[in-house]
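The values are calculated or read from the model by the stated rules, or taken from the named source; none is laboratory data. Bear in mind the structure is a predicted one, so any value in this text is a computation, not a measurement. Quick reminder, even Gly has a Cβ in these numbers, built from the backbone with ideal geometry, and neighbours come from all protein chains shown.
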Amino acid sequence: MSDRDELLEEACEALVVFLRKSVPSLAETVSHMGLTLHQFRALVILYAEDGCTTTDLADAVGVHPSVATGIVQRMVQRGIFNRHEDPDDRRIRRLSLTAEGRELAQEVVGTARVQRRAQLAALDDAQLAQIRGALETMTAGLAASRATV
């Protein structure tokens with residue numbers, strides 16, 4: 001294994017450990033808001049990508065489309081999501097947030113931001129600049145990989 005491969009493995013492991021340790025506090029916060037983690041992710045995704053389909057949402061959340069259908073149905077019943085016909089293709093149903101859903105999403109995103117900010121506060125300025133640059137590069141890589149799929 002090359003030095004780079006070793007470093008990649010170590011970085012992946014460190015990221016997985018961080019995410020694993022940070023999820024319980026997020027899960028607790030989300031639970032207090034009456035959401036499951038999948039519902040939380042769906043809410044945040046729809047907040048960022050208004051007008052997506054249930055299939056788009058399934059892909060983004062990382063669940064089977066039938067699971068996403070259940071998530072959407074529960075969110076519609078709670079008055080958080082709306083489903084409406086695509087004006088260009090009546091077979092397609094688009095999702096949007098209701099006013100209540102937008103308010104909840106803003107609260108959820110704000111709470112998650114506060115938690116992430118507290119976690120990032122452990123870094124010094126140079127480390128913050130490095131992680132910001134790394135995340136921007138990784139995000140650009142995600143966009144590029146989606147464009148080629």
Only one of THR36, THR111 is within 19 Å of LEU19 (Cβ to Cβ) and touching a Ser or Thr at 6+ places or on another chain (Cβ under 6 Å), namely THR111
GLU6 vs (1) more than 13 Å from the chain's Cα centre (by Cα); (2) at pLDDT below 90; (3) surrounded by 10 or more Cβ atoms within 10 Å (Cβ to Cβ): all pass except (2)
Going through the stretch 49-93 in order, the residues found to be hydrophobic (A, V, I, L, M, F, W, C), within 19 Å of LEU104 (Cβ to Cβ) and in contact with a strand residue (DSSP E or B) (Cβ under 8 Å, 6 or more places away or on another chain) are CYS52, LEU57, VAL72, MET75, VAL76, ILE80, PHE81
- request: For GLN73, indicate whether it is over 16 Å from the mean Cα position of the chain (by Cα) and at pLDDT below 90.
  value: no
In the stretch 9-44, residues that are without any contact (Cβ under 8 Å) to a residue 40 or more places away in the chain, surrounded by 12 or more Cβ atoms within 10 Å (Cβ to Cβ) and of a type in the set (A, V, I, L, M) total 4
So, ARG132, is that one among the charged types (D, E, K, R), loosely packed, with under 13 Cβ neighbours inside 10 Å and closer than 19 Å to VAL23 by Cα or not? no
Among the residues of the stretch 84-110, the number that are within 15 Å of ILE45 (Cβ to Cβ) and either without any contact (Cβ under 8 Å) to a residue 60 or more places away in the chain or of a type in the set (Phe, Trp, Tyr) (or both) is 7
Scanning the stretch 20-34 for residues that are of a type in the set (A, V, I, L, M) and assigned to a helix (DSSP H, G or I), the one modelled with the highest pLDDT turns out to be VAL30
Filtering the stretch 1-19 down to residues that are of a type outside the set (A, V, I, L, M, F, W, C) and part of a helix (DSSP H, G or I) yields ASP3, ARG4, ASP5, GLU6, GLU9, GLU10, GLU13
Within the stretch 45-57, of all residues that are free of Cβ contacts under 8 Å to residues at least 24 places away in the same chain and within 18 Å of ALA99 (Cα to Cα), the one surrounded by the most Cβ atoms within 10 Å (Cβ to Cβ) is ILE45
Of (1) under 15 Å from LEU97 (Cβ atoms); (2) touching a Leu at 6+ places or on another chain (Cβ under 9 Å); (3) of a type outside the set (Lys, Arg), VAL23 fails just (1)
Going through the stretch 84-97 in order, the residues found to be within 22 Å of the chain's Cα centre (by Cα) and either modelled with pLDDT of 95 or more or over 12 Å from THR53 (Cβ atoms) (or both) are ARG94, LEU95, SER96, LEU97
- Query: Regarding VAL30, is this residue over 26 Å from ARG116 (Cα atoms) and of a type in the set (Val, Ile, Thr)?
  - Reply: no
